[in-house]
Amino acid sequence: MNPFAEILTYIVETLGTLFLLLVLLRFLLQLARADFYNQISQGIVKITNPLLKPVRRIIPGVFGIDIASLVLALLVQLVVGELIALILVHQIYNPVKILIWGSLGILNMLTYIAYGCGIIIVVSSFIAPFSTNPAIVLARQLMEPILAPVQRIIPPLGGFDFSILFVFMGITILQKLLNACAYSVGLVPKLILGY
């Protein structure tokens, strides 16, 4: 591969992944009803607002779910996928396939976000259990909707919360199912963020 194409692909993938991560976090912030006055939340809002506001004018939320964020995430997948296809093979790829693959990439990226938040919660529970660090507070708020139902079934035992272990198992199973689905639809990992 041409080194310039490789470098350009790396830059597009990195910036695209970072922006997609922020858009998905914005979606999760609203879904989990996290504290929007948290410094990290404010940063996410400031970075995503310039592209999200115009999409929101066209696509309103439904039942408290920020559909505009998901549409923007799919658009990011489409633009990045097409840019990488142009860089690597000098032609535009089938946009319908990229949108289908992009939705799998978004779901896969959401599992990575949940996994990362879970790791932050586990590590902070041993190091700083009562920390008010914005990242730790945000991770707890984002994982609360997933952990609460599991904690009702599996309450803490002797001061240890094993519910996170079952959540990790669920996330891993979901990732395996998504990978199998991606394989069955012929997903090209180089074109899709999150794979």
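The values are calculated or read from the model by the stated rules, or taken from the named source; none is laboratory data. Quick caveat, the model's predicted, so the values are computed rather than measured. Backbone-built Cβ (ideal geometry, glycine too); neighbour counts: all protein chains shown.
Need the failing condition index for SER103 against (1) in a helix (DSSP H, G or I); (2) more than 21 Å from the chain's Cα centre (by Cα); (3) more than 18 Å from SER163 (Cβ to Cβ), just the number.
It is condition (2) that SER103 fails.
Just name the residue that is nearest to TYR112 (Cα to Cα) out of those in the stretch 154-182 that are of a type in the set (A, V, I, L, M), touching a helix residue (DSSP H, G or I) at 6+ places or on another chain (Cβ under 8 Å) and part of a helix (DSSP H, G or I).
The residue in question is ILE171.
Rundown of residues vs (1) on the phi < 0 side of the Ramachandran plot; (2) surrounded by fewer than 21 Cβ atoms within 10 Å (Cβ to Cβ); (3) in contact with a helix residue (DSSP H, G or I) (Cβ under 6 Å, 6 or more places away or on another chain), yes/no style:
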{"residue": "SER69", "(1), (2), (3)": "yes, no, yes"}
{"residue": "LEU72", "(1), (2), (3)": "yes, no, yes"}
{"residue": "VAL79", "(1), (2), (3)": "yes, yes, no"}
{"residue": "LEU104", "(1), (2), (3)": "yes, yes, yes"}
{"residue": "TYR112", "(1), (2), (3)": "yes, yes, no"}
{"residue": "CYS117", "(1), (2), (3)": "yes, no, yes"}
{"residue": "PHE126", "(1), (2), (3)": "yes, yes, no"}
{"residue": "VAL137", "(1), (2), (3)": "yes, yes, no"}
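Starting from residues that are of a type in the set (D, E, K, R) and either modelled with pLDDT of 90 or more or in contact with a strand residue (DSSP E or B) (Cβ under 8 Å, 6 or more places away or on another chain) (or both), keep the ones in the stretch 47-67 and report whichever is surrounded by the most Cβ atoms within 10 Å (Cβ to Cβ).
Within the stretch 47-67, the match that is surrounded by the most Cβ atoms within 10 Å (Cβ to Cβ) is ARG56.
For the stretch 53-85, which positions are within 16 Å of the chain's Cα centre (by Cα) and more than 19 Å from GLY194 (Cα to Cα)?
ILE65, ASP66, ILE67, ALA68, listed by residue number.
Is there a residue in the stretch 32-46 that is in contact with a Ser or Thr (Cβ under 9 Å, 6 or more places away or on another chain), within 25 Å of LEU191 (Cα to Cα) and either part of a helix (DSSP H, G or I) or at pLDDT below 95 (or both)?
For the stretch 32-46, residues in contact with a Ser or Thr (Cβ under 9 Å, 6 or more places away or on another chain), within 25 Å of LEU191 (Cα to Cα) and either part of a helix (DSSP H, G or I) or at pLDDT below 95 (or both): absent.
Residue by residue through the stretch 151-172, note down the ones that are surrounded by fewer than 17 Cβ atoms within 10 Å (Cβ to Cβ), farther than 26 Å from PHE19 by Cα and of a type in the set (A, V, I, L, M, F, W, C).
Within the stretch 151-172, ILE153, ILE154, LEU157, PHE160, PHE162, LEU165, PHE166, MET169 meet the criteria.
Could you list, in sequence order, all residues of the stretch 81-102 that are β-branched (Val, Ile, Thr) and either touching a helix residue (DSSP H, G or I) at 6+ places or on another chain (Cβ under 8 Å) or modelled with pLDDT of 90 or more (or both)?
Those that are β-branched (Val, Ile, Thr) and either touching a helix residue (DSSP H, G or I) at 6+ places or on another chain (Cβ under 8 Å) or modelled with pLDDT of 90 or more (or both): ILE84, ILE87, ILE92, VAL96, ILE98, ILE100.
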